[in-house]
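Only one structure is covered here, and it is reproduced in the block below.
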């Protein structure tokens, strides 16, 4: 029965050639660019307190934890723990990760309106997609939530970190959480110290950090562009490639609230709906979605599983010396 339902045309686009090999190699290179940019950024945010090896392990384990947890949960908590075990205290580890998230959200907040001004409603999936009903409203609400969250981060990190201390103190007055109230107040005090340090950072510091953020997200998105170039170069114009980039920005909102680990299942469906109309044959979207996940998701499961045992052995063997981030 499975054989009878199999659509032979689904993989008919796949024709091996030097152009296809070059396109897929470039797509894999984009993943390398993405990870190198993340490593460079976390070294900037910790003032180079992490070596390149440590930065590599932290980023790979962060990606691994994100891949095995629901997208709506993400890998923020584990990332703070990874930095803590590398010798950066809890409060400053929290501040580093929150700053990284802040930079990601700023990129998103800036790029979505710019691309919408260029492409208009074309940044949304076509009307015949399964996501067409209410999708524009959902994406606008999602963008609004991210915008408000970024404002809260901005206020906490750069204007009034004492608000964060008050908020934690209030939350941990609840009977079930009261036992951790003292620990949270210490965390808030460390956040206040780090906030004061962030206010003194130069424009060069923030320029480097945002450039690394832009490079990492562009690398992530251009994986799909080079996949398309590998097989459909003659069918896509330069404008189409920027539209693919824009569509990925909007589809990312849906992936952020996915209840499945790493967005599995949801990501493939979203990919088909958002990008299927840009293909010469829409039936090719499903195998391309699987190829996309093969390049951008599953490697982190393997790399994380390889890196984790060695990292655990190292950080628990060596007693961490907690360092000040100047």
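With respect to the chain, whose longest principal axis is taken over its alpha-carbon atoms, helix 298-317 is tilted by about 20°. Rounded to the nearest 10 degrees, the angle from helix 238-256 to the longest Cα principal axis of the chain is 50 degrees. Note on the chain: along the principal axes its Cα atoms extend 62, 45, 43 Å, ordered by decreasing extent. Summed over all non-identical Cα pairs, the Kirkwood treatment of the stretch 181-260 gives a radius of 16.4 Å. Compared with the dominant Cα axis of the chain, that is its longest principal axis, helix 90-119 is turned about 30°.
Here, each number is a calculation from the coordinates, and none is a lab measurement. It should be emphasised that the depicted structure is a prediction, and the values quoted were computed from it without experimental measurement.
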